[in-house]
Amino acid sequence: MKITSVKAHILKPNERKFRWKEEWSPMTIHHVLLRIGSDEGHEGQFISWLMDPGLVETALPGLRDLLIGRDPHDVEQISYKLTDSLRSPGAVASAVDICLWDLLGKHHGEPIYRLLGAARNSMRAYASTIMYDTVPEYVKIAEECYEQGFRAFKLHAFGVPDKDIEVCRAVHKAFGGKMDLMLDPVNAYDRLGAFKVGKVLEELDFYWFEAPIADSDLLGLADLTRSFKMPITATESVLEGLRGYPKYLTGHVCDSIRSVGDWIGGISAMRKSAALCEAFNAKYEPHSYGTTLVQAAHLHVMLAIHNCDLFELPVPQGILDVGMKDTIRVTKDGMVEAPTKPGLGYDIDWDAIKKLTVKEI
């Protein structure tokens, strides 16, 4: 099998504006579809929400030079050249890696997680919110998620300690004991604010406290980790990926490692990160927030490892399901099931892509 084509579609921006803490302005999300075709007629496909359209257009000629004529089974060699040798993982390199794994799955007629070595066929899911303007809106979305089947719920609140405490108390009052609750202030607090919020979260028996302070503050994170029984999870903003995690593990700076797989090098980098965490008897809980195919890429890795407990789904469900026939949904018992189709396992809606495409490269 040889790669014969590399194409990209620049898609219209998402109609919704996104925001995950108060200090951020509402963001416009751009989507890019990358397609890598083979001489067998199979195609690896990935829709990103992190690739800059201009960068993709600039990078595509070089990607064609690198990829065309190569065997997709050389995914490790190709990904190494794109990331490790350059010391620069990123959205484009990650998208290439994920496309190659999708292509391999389709070639072999298997879902990717089975090629990686299946550990399970389903796992627990948690709802992951956007930022809302009022406390009642958080209670309302929590209720909707509970009715949909979620039994775990993560708040992206305001990133302001006192306001976040108010939100957490309100959601706990309504759903404590019914859903495992988590808070992600997206690195918004200073140390004092993190301790103030953390004490309340521990009192409310929150499942974990994510990204309380800057990931660069290793001493502060280690202090929080020692001070609370509630797990502290961090490192989502450690964008160099695998090479950035050892210092968090050797010093027990946090209880679990987070990563953005569609930035740190794709499926290849995530499986290595999971193995690194396993060597330290630590959890690896990737950030799987993103488009359907971003979610899928993470899900396949999670289904092939033992040291991950929860799969992250954006809510309201569907807000990032751009250009898809198939999507990932929680079951009534709070689980997500393994895909059964080859590759990433979720089909693109080509009629929708045609309408969304601004430019095909």
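What follows is calculated from the coordinates using simple rules that are stated; it is not laboratory data. These numbers come from a predicted model, not from an experiment. So basically every Cβ, Gly included, is an ideal-geometry build from the backbone, and we count neighbours across all protein chains shown.
Brief remarks follow.
- Amide H contacts of residue 123 (H built 1.01 Å from N, under 5 Å, at least 5 apart or other chain): 336
- Length added when fully stretched, residue 58-residue 361, from 0.36 nm per residue minus Cα-Cα: 108.1 nm
- The simple Förster model, with R0 at 22 Å and r as the Cβ-Cβ distance, assigns residue 279 and residue 226 a FRET efficiency of 0.55.
- Packing rank of 292-304, 44-56, where each peptide gets the mean count of other beta carbons within 10 Å, highest leading: 292-304, 44-56
- Between residue 152 and 127, 180, the built amide H atoms are under 5 Å apart, and every one of these is 5 or more places off in sequence or on another chain.
- Length added when fully stretched, residue 5-residue 252, from 0.36 nm per residue minus Cα-Cα: 84.4 nm
- Net +/- balance of residues flanking residue 181 in space, Cβ distance below 10 Å, scoring K and R +1, D and E -1: 0
- Against the chain, whose longest principal axis is taken from its Cα atoms, helix 53-67 shows a tilt of about 50°.
- Cα lying deepest toward the dipole's positive end in the chain, options 3, 60, 269, charges on Cβ: 3
- Assigned charges on the beta-carbon of Lys, Arg, Asp, Glu; the chain dipole about Cα centre (debye): 160 debye
- Per-residue Cβ neighbour rank within 10 angstrom, fewest leading, 79, 216, 94: 216, 79, 94
- The magnitude of the dipole of region 126-272, with charges of +1 and -1 set on the Cβ of Lys/Arg and Asp/Glu and taken from the Cα centre, is near 460 debye.
- Calculated FRET efficiency for the pair residue 119/residue 340, C-beta based, R₀ 22 Å, to 0.05: 0.85
- Charge context of residue 100, other residues only, Cβ under 13 angstrom, K/R +1, D/E -1: -1
- Amide H contacts for residue 283 (H built 1.01 Å from N in the peptide plane; partners 5 or more residues away or on another chain; cut-off under 5 Å): 257.
- Net lengthening on full extension, residue 327/residue 12 (0.36 nm per residue, minus Cα-Cα): 111.5 nm
- 13 Å beta-carbon shell around residue 42, net charge (K/R +1, D/E -1): -2
- Fraction in percent of alpha-carbon pairs per bin - 10 Å, region 114-337: 8, 35, 38, 18, 1
- Among 306, 157, 126 - extreme Cα towards positive end, dipole of region 114-337, charges at beta-carbon: 306
- Note on the chain: dipole from Cβ charges, positive end direction compared against 38, 136, 214; the farthest Cα belongs to 38.
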